[in-house]
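Worksheet for the structure shown next.
The values are calculated or read from the model by the stated rules, or taken from the named source; none is laboratory data. None of these values were measured; they are calculated from a predicted model. No Cβ is skipped: glycine too gets one built from the backbone with ideal geometry, and neighbour counts run over all protein chains shown.
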Amino acid sequence: MKIAVAGTGYVGLVAGVCFAEKGYQVTCVDVDEKKVEMMRQGISPIYEEGLEELMQKNNAKGMLHFTTDYVEAYRDAGAIFIGVGTPEMPDGSANLSYIAEVSRQIAETVEKDCLVVVKSTVPVGTNDKVEQFIKDFLVHDVKVEVASNPEFLAQGTAVYDTLHAARIIIGTESKEAEALLQKIYEPFGLPVVSVKRRSAEMIKYACNDFLALKISYMNDIANLCELVGADITDVAKGMSYDERIGARFLNAGIGFGGSCFPKDTKALKFLAREHGYQLKTVEACVDVNSAQKTRLFEKAKERMISFNGLKAAVLGLTFKSGTDDLREAPSIDNLKLLLAAGARIYAYDPKGTERAKQLFPEGKMDKGTISYVSSSEQALSGAHICFIFTEWPEIKEIDPQDFKDKMHTPLVYDGRNLYDPAKMKTAGVEYYSIGR
Ligand code: UDX
């Protein structure tokens, strides 16, 4: 069966590549000519472990194609997966204009019966609208059904998460659509949970927002730990043995970022409000996270008279390790505050520098300056203060003694709890972290 994929971001590209790997003829569509040309040459537009290798392998086998010509891709596809973005609108709702555009293109081009599968995260009820929209604009006399198939991959482990997903969620309104989608996923050999379309859409939000809540809860408890003299890492360890809680996503820190949690918490809050309901738990999670992001800066402000002219080493810029993505990264809010306070920032990130430069071009900005360096040593050398925003292994490996030896003042604000406070103290470093 021929599969078409609309959108080549994290969701679309990884899905397309993995379907090709599982033996399908896949055509990925994107509007960006330059990006399509790159992908044809086997160059991935995103940094994701194992992705380029699989792209190159399946390009060479003739299983994977990239095009800007959606007519060619959709016309005779058996299934079309939609993986375009649903960015956040200023009011917190999801922007569905890309989904609408692709739906219309599909309606105008499909010449045989096909299944349209929505992988993008969309508000509950969107699949119904997509189906109606396609029916309204359909040009040829063909049957088009719409299924929901939310994606649970995390950045940095996208290929692994897709090939070894904990479950595949299938949301359909007909037995035919359900059977077809199950068949498409057969070669993956993964557990399939088949539900109604609206439930599938809700599962995605419920999962992401639950994980976001878990993080905000730990951050809240961490802040309380500081006040009462407990240590959040010990508390998390003690909690992790309870299987009902689980050991993952218990790391307190500088708040969650990325392309999903911030957007999906706000979108669910908006959806509830639209239906006259206040989702108090999720709203609290959003509030805790927004305050958490600048907590370290606020702490540092209590300690310093001014940041003006000080050399600030910033270690880690991406929203988490293993990715070059800076979307909603806590570093962004902090860089803005530091620049507004006149700091001279020397930032180091193993993968995120290029993207950071697009947001904060090198040189003077606001009242401060920003430079990007290629090692943590360069960032730390002569620095008056150091902020840590991402848990990169190469940052975690820094010896406490290096802070003492390289910095002008060994003063470290760690948003990821990477070091043992006792070892930092022994090395002579004044060290602040989260919840301990
Ligand atoms: C997330 C979900 O994990 C994934 O299932 C969904 O499909 C998309 O959203 P992702 O955004 O790639 O994936 O990253 P994730 O690893 O979940 O981390 C999100 C944010 O939470 C990061 O900023 C991370 O640093 C933070 N986080 C995570 C914590 O602060 N503490 C933790 O214990 C775990």
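Points to keep in mind about this one:
- So PHE307, is it touching a residue at least 24 places away in the same chain (Cβ under 8 Å), more than 23 Å from GLY368 (Cβ to Cβ) and not in a helix (DSSP H, G or I): no
- Wholly enclosed helices (runs of 4 or more DSSP H) of the stretch 1-116 bearing at least 3 residues in contact with a strand residue (DSSP E or B) (Cβ under 8 Å, 6 or more places away or on another chain) and of a type in the set (Val, Ile, Thr): 97-109
- Checklist (1) touching a residue at least 24 places away in the same chain (Cβ under 8 Å); (2) touching a Ser or Thr at 6+ places or on another chain (Cβ under 9 Å); (3) not charged (D, E, K, R) applied to THR369, failing item: (2)
- In the set (1) touching a helix residue (DSSP H, G or I) at 6+ places or on another chain (Cβ under 6 Å); (2) in a helix (DSSP H, G or I); (3) within 16 Å of the ligand (Cβ to nearest atom), SER290 fails one condition alone, (1).
- Matching residues, the stretch 140-154, being more than 16 Å from the ligand (Cβ to nearest atom) and either within 30 Å of LEU326 (Cβ to Cβ) or under 24 Å from the mean Cα position of the chain (by Cα) (or both): ALA147
- Residue match in the stretch 279-286 (condition: within 19 Å of GLY435 (Cβ to Cβ), within 16 Å of the ligand (Cβ to nearest atom), not aliphatic (A, V, I, L, M) and not assigned by TED's automatic domain parsing to the domain that holds PHE389): yes
- Within the stretch 244-259, one or more residues are crowded, with 19+ Cβ neighbours inside 10 Å, closer than 30 Å to THR126 by Cα and at pLDDT below 95.
- Some residue of the stretch 204-222 being surrounded by 16 or more Cβ atoms within 10 Å (Cβ to Cβ), among the acidic types (Asp, Glu) and more than 16 Å from the ligand (Cβ to nearest atom): no
- Check on VAL124, out of contact with any Pro (no Cβ under 9 Å at 6 or more places or on another chain), part of a loop (DSSP other than H, G, I, E, B) and closer than 30 Å to CYS285 by Cα: yes
- Per-region count, the stretch 199-231, residues of a type outside the set (Gly, Ala, Ser) and within 23 Å of the chain's Cα centre (by Cα): 17
- Looking across the stretch 134-154, just one residue is part of a strand (DSSP E or B) and of a type in the set (S, T, N, Q), and that is SER148.
- Scanning the stretch 155-196 for residues that are small (Gly, Ala, Ser), within 16 Å of the ligand (Cβ to nearest atom) and surrounded by fewer than 16 Cβ atoms within 10 Å (Cβ to Cβ) yields one hit, ALA166.
- Top-ranked residue in the stretch 260-278 [being crowded, with 20+ Cβ neighbours inside 10 Å and more than 16 Å from the ligand (Cβ to nearest atom); ranked as farthest from GLY156 (Cα to Cα)]: LEU271
- Taken together, the residues in the stretch 227-257 that are under 24 Å from ALA154 (Cα atoms) and touching a residue at least 24 places away in the same chain (Cβ under 8 Å) amount to 10.
- Members of the stretch 327-348 that are within 11 Å of the ligand (Cβ to nearest atom) and surrounded by fewer than 24 Cβ atoms within 10 Å (Cβ to Cβ): ARG327, GLU328
- Flag if LEU181 is within 20 Å of MET1 (Cα to Cα) and more than 19 Å from the chain's Cα centre (by Cα): yes
- Subset of the stretch 238-277 [in a loop (DSSP other than H, G, I, E, B) and among the charged types (D, E, K, R)]: ASP242, GLU243, ARG244, ARG248
- Only a single item in (1) over 24 Å from LYS406 (Cα atoms); (2) in a helix (DSSP H, G or I); (3) of a type outside the set (S, T, N, Q) is not met by GLU328, and it is number (2).
- Near pairs, Cβ below 6 angstrom, 6+ apart or cross-chain, from the stretch 411-434 (over 15 Å from GLY253 (Cβ atoms) and without any contact (Cβ under 8 Å) to a residue 12 or more places away in the chain) to any residue that is surrounded by fewer than 17 Cβ atoms within 10 Å (Cβ to Cβ) and among the hydrophobic types (A, V, I, L, M, F, W, C): none
- Residue check for ASP234: away from the ligand (no atom under 12 Å from the Cβ) and in contact with a helix residue (DSSP H, G or I) (Cβ under 7 Å, 6 or more places away or on another chain): no
- In the stretch 354-372, residue nearest to GLY156 (Cα to Cα) [restricted to those that are touching a strand residue (DSSP E or B) at 6+ places or on another chain (Cβ under 7 Å) and crowded, with 18+ Cβ neighbours inside 10 Å]: ALA356
- Of the candidates LYS406, LYS351, LYS423, the single residue that is at negative phi, surrounded by 14 or more Cβ atoms within 10 Å (Cβ to Cβ) and in contact with a helix residue (DSSP H, G or I) (Cβ under 8 Å, 6 or more places away or on another chain) is LYS406.
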